[in-house]
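Here's the structure we're looking at; comments come further down.
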Amino acid sequence: MQGNPFSEEGRRANFTLLDVQAKGELDLNDLRYINEQLKYGYSDEQLVEIIHSVGGFGAETISWDKFNKFIQRKVDRRRVL
């Protein structure tokens, strides 16, 4: 199933959907756009925290590899519970 976080193919589909400009990474502008479109209400500071949580301390972008590993860890943790 497309977008399914339990498969790498699904995670890739999600990343591609979020990477509106097809840069191969997600930056603050991408997260702002998603935030606005979905009306999440996150502040820029919160979006930067998300980038750091997924991309690593001091990161300005989230690469596909970091995104994939982050989601895989979440899925694995969920399976254990």
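The values are calculated or read from the model by the stated rules, or taken from the named source; none is laboratory data. Bear in mind the structure is a predicted one, so any value in this text is a computation, not a measurement. For neighbour counting, all protein chains shown are included, and Cβ atoms are generated from backbone atoms with ideal geometry for every residue, glycine included. Side chains included, ligands, DNA and RNA excluded: accessible areas come from the protein's heavy atoms. Shrake-Rupley method; radii C 1.70, N 1.55, O 1.52, S 1.80 Å.
Can you pull out the chymotrypsin sites (Phe, Trp or Tyr not before Pro) in region 25-65 that DSSP calls coil and that have at most 10 other Cβ atoms within 10 Å?
Answer in residue order: 57.
Determine the shape class of region 35-77: with a ≥ b ≥ c the square roots of the Cα gyration tensor eigenvalues, call it rounded for a/c under 1.5, and otherwise prolate if a/b is greater than b/c, oblate otherwise.
oblate
Compute the accessible area per residue over the chain, keeping the other protein chains in place, probe 1.4 Å, unit Å².
On a per-residue basis, the chain sits at 72 Å².
Mind running the shape call on the chain? Use the C-alpha gyration tensor, a ≥ b ≥ c as the square roots of the eigenvalues: rounded below 1.5 for a/c, prolate if a/b tops b/c, oblate otherwise.
Note, shape of the chain comes out prolate.
Ignoring ligands, DNA and RNA, please state the percent of accessible area on the chain from carbon and sulfur, probe 1.4 Å.
Using a 1.4 Å probe with all protein chains present, the chain comes out at 52 percent carbon and sulfur.
Could you pull out every residue, at least 5 positions away or on a different chain, whose amide H is within less than 5 Å of the one on residue 4? Hs are placed 1.01 Å off N in the peptide plane, and Pro or chain starts have none.
10
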